[in-house]
Amino acid sequence: MHDAHKSNLEKGMLFATASQTGDEIRGHIRGSGRFYIAVLEGEIVGVGAVRFQNIDMWFHRGFCADTISVGVKQAYKGLGISKMLYRKLEEAAFEKCDIVIMNTAERNEIMINSRLHDGWIPVDYLSHAGINFYSIMLAKWKYNCPYSSTHCATMFHLRKVRMKLIRDENGNDRLLTTILKRIVSNCPR
Ligand SMILES: CC(C)(COP(=O)(O)OP(=O)(O)OC[C@H]1O[C@@H](n2cnc3c(N)ncnc32)[C@H](O)[C@@H]1OP(=O)(O)O)[C@@H](O)C(=O)NCCC(=O)NCCS
């Protein structure tokens, strides 16, 4: 992962997964998921994993697959390895449920464009403590997305505006959010 993320580091994006080891990825998939490696002439050139969890989001409530830790070694990028990994990840996801999600940096254009090209839909906009960028969540349904494209686009943009108002790209509450939280916590119950 360290080698795969060099290009992101050069662009100033500090992914929490950038220094993950294989054992740590295995820990994240918690037994029920799957961890794939792409091997070329005996060398591991790409990795990717899918895990399963329950989510409670506007577009889905319940069991869901989540693809994580996808990365391809610098020297092997652009050869279709991540597309191949994604085919396996989606297959594994759709064996167990009807929806799969993923998160990536808003500025990770290669990953985002590739997922959009492959039928994934932006559904949420997030900011996490410990990483230095806004993230986009994309989803793909096994069959058709149950919402219209206009509804998804509207919800995504509303979530984006909301997140930009309440939190900065480092996951810190904006001043207004801190003040509002203080007011709420001081309200008599
Ligand atoms: C993002 C990443 C996984 C892509 O892996 P890859 O094996 O090089 O990608 P592929 O060769 O399978 O190409 C996937 C798509 O990206 C496009 N692409 C690949 N390299 C590109 C480049 N340098 N510039 C523009 N587009 C590019 C391909 O044309 C393809 O597009 P399509 O799906 O629309 O046909 C890889 O660049 C990487 O490891 N990045 C760092 C780690 C990372 O960001 N992981 C994702 C965290 S969520």
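Residue by residue through region 105-124, note down the ones that are in contact with a Phe, Trp or Tyr (Cβ under 6 Å, 6 or more places away or on another chain) and within 21 Å of His60 (Cα to Cα).
Pro122, Val123 - these are the residues of region 105-124 that are in contact with a Phe, Trp or Tyr (Cβ under 6 Å, 6 or more places away or on another chain) and within 21 Å of His60 (Cα to Cα).
Taking region 88-115 on its own, how many of its residues are in contact with an Asp or Glu (Cβ under 9 Å, 6 or more places away or on another chain) and more than 7 Å from the ligand (Cβ to nearest atom)? Give the steps one after another, and end with the answer.
Our first condition is that a residue be in contact with an Asp or Glu (Cβ under 9 Å, 6 or more places away or on another chain); within region 88-115, this holds for 90, 93, 100-103, 106, 112.
Adding the requirement that they be more than 7 Å from the ligand (Cβ to nearest atom) leaves 90, 93, 100-101, 106, 112.
So the answer is 6.
What is the one condition in (1) within 19 Å of His128 (Cα to Cα); (2) of a type outside the set (Lys, Arg); (3) outside any strand (DSSP E or B); (4) modelled with pLDDT under 95 that Ser69 does not satisfy?
Against the list (1) within 19 Å of His128 (Cα to Cα); (2) of a type outside the set (Lys, Arg); (3) outside any strand (DSSP E or B); (4) modelled with pLDDT under 95, Ser69 comes up short only on (3).
With the checklist (1) within 13 Å of the ligand (Cβ to nearest atom); (2) among the hydrophobic types (A, V, I, L, M, F, W, C); (3) assigned to a helix (DSSP H, G or I) in hand, flag the one item Val45 doesn't pass.
(3)
For region 99-122, which residues satisfy the criterion of being in contact with a helix residue (DSSP H, G or I) (Cβ under 6 Å, 6 or more places away or on another chain) and either aliphatic (A, V, I, L, M) or within 17 Å of Thr17 (Cα to Cα) (or both)?
Answer for region 99-122, where residues must be in contact with a helix residue (DSSP H, G or I) (Cβ under 6 Å, 6 or more places away or on another chain) and either aliphatic (A, V, I, L, M) or within 17 Å of Thr17 (Cα to Cα) (or both): Val100, Thr104, Ile121.
In the list Tyr143, Tyr147, Tyr125, which residue meets the criterion of being within 21 Å of Met13 (Cα to Cα) and more than 10 Å from the ligand (Cβ to nearest atom)?
After ruling out the rest, the residue left standing is Tyr125.
When region 128-140 is examined, which residues are found to be within 15 Å of the ligand (Cβ to nearest atom) and of a type outside the set (Phe, Trp, Tyr)?
Those that are within 15 Å of the ligand (Cβ to nearest atom) and of a type outside the set (Phe, Trp, Tyr): His128, Ile131, Asn132, Ser135, Ile136, Met137, Leu138, Ala139, Lys140.
The values are calculated or read from the model by the stated rules, or taken from the named source; none is laboratory data. Keep in mind it's a predicted model, so treat the numbers as computed, not measured. Here Cβ is always computed from backbone atoms with ideal geometry, including for glycine, and neighbour counts include all displayed protein chains.
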